[in-house]
Amino acid sequence: MIAKPTIPDPLDRPGSQIGKPVSRVDGRLKVTGGAKYAAEFNTPGLAHGYIVSSAIARGRILAVDTAKALALPGVLQVFTHENRPSLPWFDRKWKDDDAPKGSPFRPLYDATIHHALQPIALVVAESFELARYAARLIHVTYEADDHQTDLREASAHAFTPGKDKGGFQPPPKPRGDADRALAEAEVSVDLQFTQAVEHHNPMEMHASTVVYHNDGTLTVHDKTQGPLNTQTYVCNVFDLSKDSVRVISPFVGGAFGSGLRPQHQLFMAALAAITLKRSVRVELTRPQMFSFGHRPETLQRVALGARKDGTLTAVIHEAVQETSQNENYVEVVVNWSGQQYTCDNVRLDYKLARMDTHTPLDQRAPGAATGIPALEIAIDALAAKLGMDPLELRLKNYTEVDPNTGKPFSSKELRTCFRQGAERFGWHKRSHAPRSMREGRQLVGWGMATGVWDAMQGQAVASARLGIDGTLTVGSATADIGPGTYTAMTQIAADILGLPIDQVSFQLGDSNLPMAPLQGGSWTVSSVGSAVKAVCDRLRDKLAGLAAGLNDGPLKGLRADDLVFADGFLIAKADPSWRMSITEVMRANDLLVLEDEARSIPYYKSQMQHALGTHSAIFAEVRVDEDLGTVQVTRVVSAVAAGRIINPKTARSQVMGAVVWGIGMALEEESMTDQSLGRFMNHDFGEYHIPVNADVHDIDVIFVEEQDDIVNPLGAKGVGEIGIVGVPAAIANAIYHATGKRLCDLPITLDRILEA
Amino acid sequence: MRAFSYHRPDSVDAALRGVAGQSGTTTEAAVKFVAGGTNLLDLMKADVMRPERLVDISRLGLDRIEETADGGLRLGALARNADTAHDERVQARYPMLSKAILAGASAQLRNMATNGGNLLQRTRCYYFYDTGTPCNKREPGTGCGALTGVNRIHAILGASDRCIAVHPSDMCVALAALEAVVRVSGPRGERTIPFADFHRLPGDTPHIDSNLAADELITAIDLPAEGFADHSTYLKVRDRASYAFALVSVAAALEMDGQTVRTARLALGGVAHKPWRDPAAEAELAGRPASLESFRKAARVLLRDARGQSHNAFKIGLAERAIVRALAEAAGVEHP
Amino acid sequence: MSQPTGPASRSHARKQPAPPPEPMDVTLTINGSRKTLRVAPWTSLLDALRLHLDLTGTKKGCDHGQCGACTVLVDGRRINACLTLAVMTEGRAVTTIEGLADGEALHPLQEAFVEQDAFQCGYCTPGQICSAVGLLEEGQARTDDDIRELMSGNLCRCGAYPNIVAAIRQVMDSQPASQDGGTP
């Protein structure tokens, strides 16, 4: 009665925890203020650091006068390039798990200024306020050199990067002759796009608390997407052994990529703690949150050619993106355009241009969030020119294989996303012509776009410990920056061992836990979840073996496959009255605990033979004020196909939040550079606009489930990125439909609408 | 934030003794009053303002909203913005003011910010806030970074070659249109400052925002009896739906005689160093029918000397349309 | 081009900097208990809570009044703790996120936030909840659009806004429509 007769794994079992809208297991801690973030580990004798930032964009520090700061009672030290301790020379010592090719930035290394707001000194004092005060008393003189922060100028010297970063694939070779096909196309569009610099701006500012122990060991509380990445960095840079540096970061107040690389506050806090032999905290200010990585500014061209019936005959996508002088930051911007639609003539080109900025940094759906909107706006423009419904045009050129590689998708329910999304939105009621819907002075527009992201998996290890009382603790050194990793992992573990959720706990954010990759790229459920499944499967097999070995037990001789695990019991499928509780099994075997560890390894062989991806269809409604240019996104429907959804409640929140990101990207977010100063100027939350509550209205999320046993054993592809990809295009296309204005420069602020 | 001392007097006289002997304007003073703290403490953290002493006036009373003899309302200087906006008399008789206050900042900040403090808000110019850049307002003589830099949010009216910053307040735009009067106490006794004379244009002294003397305290803001309750509005245009400063805002108030405008008041925010009023534009409206055409004409008069910077020329056309929209809404004219 | 510059050069050379300010005693009520703190005038209420009282539930998201993560209730009204000096709160009653639950029983808004999944990373959450308590107390919100506008002083980078509105709506609907609904 509990189980169906043939169950390959427990995931489909009725009563399964997987797929349930479980409320976050860490919810109570978060709503009571009990969740502790990096700057919240208070410890006796804690000293506070405050960073001084460069006033120039490029040049040299001639002198740093720290006398007045040091004269203040309570100021412990001012660290600069002049008095820093010896630091490693080799680049590899400064590399981290997300470092691209090149030479990572080294704080306080020498007198050179590489970019505006570069950290150039650290004041450490007995109190935060005193450190901040002393920082104001430091006088720096510079020798300024000319800088280049203008991408249009810099792009004159653009170059083609290699495979310069993990996970990056250079564009595939051209197929057919796209330029000729474009010239000969019956209908064509050729558009130029700009994507502004965006800063991650998680709500928690980057902070590190480094607790110094008497034996010289450190406990580091860092804002990171990978505790092991933080640990490796501190050990390498300060020449410490792994057993003397423990990273504990149970909660991270958002990151969206900003915590993929160790940021300079970590270096500063560790430097000060080690040198002063004291516990030190360094927290960036909100303006200093604009002093490191960012979504890179990008210039793009997308040209499409088609026959009159909508058959695509040419796709050209070119992009030039900024990188720093010292590293080749790369992301996949253009490749998607060869993958999304069937087309025989495709040319994709991706280049980098060096500027005097900090190295860019992965930001939510890096590359795709920039490249896909350009493609999808161009598709909309082509549809308009063809006089065709944009959804119809997309279906016309739909592909079941990845044209870049010829490989079939392991699963791709995009067609269903289109259908269900369109139905929910009411797309069929759309009047085709631009400016055909209005309410008073408000022009109403409907637009749509497609989103795509990779489904990736990395190796990961998880440990598990089952107590005789039926409590299970599982752990892996991943992070939870907000997606609900604690909850999803708890569900997976509880599901496999048939335990109630509240008997299972998942530990993360601790470098003492088994290896997990950086949390990013939507691959945590896939990677760490598979490890959790693997270790719980092992415990399950062990328990079954133990039960089977009990000669006078009801489950004697049965194998794991003959059993169902539910409510803390091992139950025979053949007769549910044959059962033993986990406690009984362990007691009968004189066991108090059962422990194991397991590594999950991707199915490389079958994965290599397929294209792996998540897909989405986004429909948006906007209201544009014809006189004032203001835009309200009144409705968004996002239909997402991302394999199995572990927790529809938290997954829906992720996609919803990503749609909000898409609204910000489409309409608001831009770090504006003063070219004469080479400096971002709107570096605070007052002037760098992210959406507020009043900007966000109805967001409807649909999950189209896919069966996929190739992406990973859970069949879950992850939803962290897919929600944002395509949203800016859906909004831009809706604005076109409302106004008849084709806007290709993001963000589409009201001045751009008024001046178009 | 630099070192400062803190003092909390228990009377207006004691507060005034706290700032006695300071010369010049309050913008330049080393001893400053603090009440809501929403702007001053922010600027102190940014190291833009460096007072040596703070005199906490938040417990002096001065927080009542009372009737005046001439039928107007007296807004206590220390009444909170939120309490002012939600006061039934303000809502009924000065709805434009209520709307303007509620268009500004956030609910939390409006709970903290006082009416007097609102008048003394300083610009949100990026360069003013960033001590790593030149700014004549923050540090006279260093130049204006915005002139050659990022100036999308800057002035189109009344700017000088020293400063193109704008005043950030919404409340003040409505107060300008209402012709409020600022009541001030100081060592020379009490005085009143007409609202139009309270704030300054940048000229050669952009480091001075207002004409309030360094030894004076705002005690109240008087609203004249005429509140334009039937025909007024406040329209704010900004980069997001809430919690952002105005790119352009318009306080529009009309006295109507049937379909004809008898008198008009028009004040703009987000376009100049002070809330911007123009008698010529208002005169253009007076005695004319309430029509989109005449509103547009008045808007063009008001904007006749407007000059865009490299990134903000859009504000001129935007301001024109915002004026027309606000006047139409105030007059109850259908906007096709 | 190569020229010496020093944008921070003003008035730097002359005056000796003032010594750090002396701490003062401040007595206030925090989550129902009277506390006396010794803090310097330059300590914000936010830093006093987080560093002096170890009440780290109140968050620092910008320290400039631009995000709302530090929202607490002072004498029942929501304010930004980052732009309030601790010394200015002498005699006031401060309620933080740690003071909302009644023992093990969560405040209805805390319950609703969990139920509606009105957060992801959780960093803005205490400020959102305290702000929502203040919003209910103020009694100005009727419609969802009112809630959106009156909660716009609390940024959420995870974008949980629709769920935040749903959580507040849930509590609003479960309470009698009175001005004093939602008191902690």
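Apart from one condition, A:VAL528 fits all of (1) away from chain C (no Cβ under 14 Å); (2) at pLDDT 95 or above; (3) assigned to a loop (DSSP other than H, G, I, E, B); the exception is (3).
Across the range A:447-468, the number of residues qualifying as among the β-branched types (Val, Ile, Thr) and closer than 22 Å to A:MET586 by Cα comes to 1.
Pairs are defined by a Cβ separation below 8 Å, a sequence spacing of at least 6 or placement on different chains, a first member in the range B:310-336 that is modelled with pLDDT under 95, and a second member that is open to solvent by 40 Å² or more (accessible area, probe 1.4 Å) and not aliphatic (A, V, I, L, M); the pairs so defined are B:HIS335/A:GLY440; B:HIS335/A:ARG441; B:HIS335/B:GLU329. The set of residues in the range B:153-183 that are of a type outside the set (A, V, I, L, M, F, W, C) and in contact (Cβ under 8 Å) with a residue 40 or more places away in the chain comprises B:HIS154, B:GLY158, B:SER160, B:ARG162, B:HIS167, B:PRO168, B:SER169, B:ASP170, B:GLU179, B:ARG183. Look through A:ALA516, A:ALA534 and report the one residue that is closer than 30 Å to A:LEU218 by Cα and either open to solvent by 20 Å² or more (accessible area, probe 1.4 Å) or at pLDDT 95 or above (or both). Answer to the selection: A:ALA516.
Of all positions in the range A:594-605, none carries a residue that is within 14 Å of chain C (Cβ to nearest Cβ), among the polar types (S, T, N, Q) and at negative phi.
The condition (being open to solvent by 50 Å² or more (accessible area, probe 1.4 Å), free of Cβ contacts under 8 Å to residues at least 60 places away in the same chain and within 14 Å of chain C (Cβ to nearest Cβ)) is satisfied by just one residue among B:GLU88, B:GLU66: B:GLU88.
What are the residues in the range A:696-712 that are open to solvent by 10 Å² or more (accessible area, probe 1.4 Å) and either within 14 Å of chain C (Cβ to nearest Cβ) or touching a Phe, Trp or Tyr at 6+ places or on another chain (Cβ under 8 Å) (or both), if any? Scanning the range A:696-712 gives A:HIS697, A:ASP698, A:ILE699, A:ASP700, A:VAL701, A:ILE710. Among the residues making up the range C:51-73, those that are at the interface with another protein chain (Cβ under 9 Å from one of its Cβ atoms) and open to solvent by 10 Å² or more (accessible area, probe 1.4 Å) are C:LEU51, C:ASP54, C:LEU55, C:ASP63, C:HIS64, C:GLN66.
Name every residue in the range C:81-132 that is buried (at least 24 other Cβ atoms within 10 Å of the Cβ), within 14 Å of C:GLY57 (Cα to Cα) and of a type outside the set (Val, Ile, Thr), in order of residue number. Once the filter is applied, which keeps residues that are buried (at least 24 other Cβ atoms within 10 Å of the Cβ), within 14 Å of C:GLY57 (Cα to Cα) and of a type outside the set (Val, Ile, Thr), the range C:81-132 yields C:ALA81, C:CYS82, C:GLN110, C:CYS121, C:GLY122, C:TYR123, C:CYS124, C:PRO126, C:GLY127, C:GLN128, C:CYS130, C:SER131. Residues in the range A:671-687 that are in a loop (DSSP other than H, G, I, E, B) and either crowded, with 21+ Cβ neighbours inside 10 Å or away from chain C (no Cβ under 14 Å) (or both): A:SER671, A:MET672, A:GLN675, A:LEU677, A:GLY678, A:MET681, A:ASN682, A:HIS683, A:ASP684, A:PHE685, A:GLY686, A:GLU687.
Among the residues of this structure, B:VAL55 counts as one that is in a strand (DSSP E or B) and in contact (Cβ under 8 Å) with a residue 40 or more places away in the chain.
Set side by side, the residues A:LEU108, A:LEU87, A:LEU122, A:LEU137 differ, and just one is among the aliphatic types (A, V, I, L, M) and within 14 Å of chain C (Cβ to nearest Cβ), which is A:LEU137.
Only a single item in (1) open to solvent by 30 Å² or more (accessible area, probe 1.4 Å); (2) within 12 Å of the chain's Cα centre (by Cα); (3) of a type in the set (D, E, K, R) is not met by B:ASP170, and it is number (1). Using the structure shown, decide if B:ALA306 is small (Gly, Ala, Ser), in a loop (DSSP other than H, G, I, E, B), at pLDDT 95 or above and open to solvent by 50 Å² or more (accessible area, probe 1.4 Å). Taking the combined requirement at face value, the residue does not satisfy it. The residues listed here are B:ARG296, B:ARG300; of these, the one that is over 27 Å from A:ALA694 (Cα atoms) and free of Cβ contacts under 8 Å to residues at least 24 places away in the same chain is B:ARG300. Name the residues in the range A:369-409 that are within 23 Å of the chain's Cα centre (by Cα) and surrounded by fewer than 24 Cβ atoms within 10 Å (Cβ to Cβ), would you? Listed by number, the list holds a single entry, A:PHE409. Sub-8 Å Cβ pairs linking a first residue in the range A:372-400 that is at positive phi to a second residue that is open to solvent by 20 Å² or more (accessible area, probe 1.4 Å), at least 6 apart or interchain, are A:GLY387/A:HIS432, ordered by first then second residue.
Of the residues making up the range A:14-45, those that are in a loop (DSSP other than H, G, I, E, B), more than 8 Å from every other protein chain (Cβ to nearest Cβ) and aliphatic (A, V, I, L, M) are A:ILE18, A:VAL22, A:VAL25. Inside the range C:72-111, residues that are within 15 Å of B:MET112 (Cα to Cα) and of a type in the set (Ser, Thr, Tyr) make up a count of 2. From the list A:ASP541, A:ASP552, the one residue that fits, being at pLDDT below 95 and either open to solvent by 20 Å² or more (accessible area, probe 1.4 Å) or aromatic (Phe, Trp, Tyr) (or both), is A:ASP552.
Here A:PRO250 clears all of (1) within 14 Å of another protein chain (Cβ to nearest Cβ); (2) open to solvent by less than 10 Å² (accessible area, probe 1.4 Å) except the condition numbered (2). Checked against (1) open to solvent by 10 Å² or more (accessible area, probe 1.4 Å); (2) more than 17 Å from A:ALA449 (Cα to Cα); (3) not in a helix (DSSP H, G or I), A:ARG752 meets all criteria but (3). Across the range A:46-84, which residue is nearest to A:VAL220 (Cα to Cα) among those that are assigned to a strand (DSSP E or B) and within 14 Å of chain B (Cβ to nearest Cβ)? In this case the residue turns out to be A:HIS48.
Given the criteria more than 10 Å from chain A (Cβ to nearest Cβ) and either closer than 28 Å to B:ALA85 by Cβ or at pLDDT 95 or above (or both), does C:VAL133 qualify? Here the answer is yes, as C:VAL133 does meet what is asked. Here A:TRP661 fulfils each of the conditions (1) under 15 Å from the mean Cα position of the chain (by Cα); (2) within 28 Å of A:GLN17 (Cα to Cα) apart from (2).
Scoring B:ALA246 on the criteria (1) in contact with a strand residue (DSSP E or B) (Cβ under 9 Å, 6 or more places away or on another chain); (2) under 23 Å from B:GLN121 (Cα atoms); (3) within 14 Å of another protein chain (Cβ to nearest Cβ); (4) free of Cβ contacts under 8 Å to residues at least 60 places away in the same chain leaves a single failure, condition (4). Note on the range B:146-161: among residues that are touching a Ser or Thr at 6+ places or on another chain (Cβ under 8 Å) and either closer than 20 Å to B:PHE245 by Cα or more than 10 Å from chain A (Cβ to nearest Cβ) (or both), the one that is surrounded by the fewest Cβ atoms within 10 Å (Cβ to Cβ) is B:GLY149.
The values are calculated or read from the model by the stated rules, or taken from the named source; none is laboratory data. Given the structure is predicted, the values throughout are model-derived calculations rather than measurements. For neighbour counting, all protein chains shown are included, and Cβ atoms are generated from backbone atoms with ideal geometry for every residue, glycine included. Heavy atoms of the whole protein, side chains included, go into the accessibility calculation; ligands, DNA and RNA do not. Shrake-Rupley method; radii C 1.70, N 1.55, O 1.52, S 1.80 Å.
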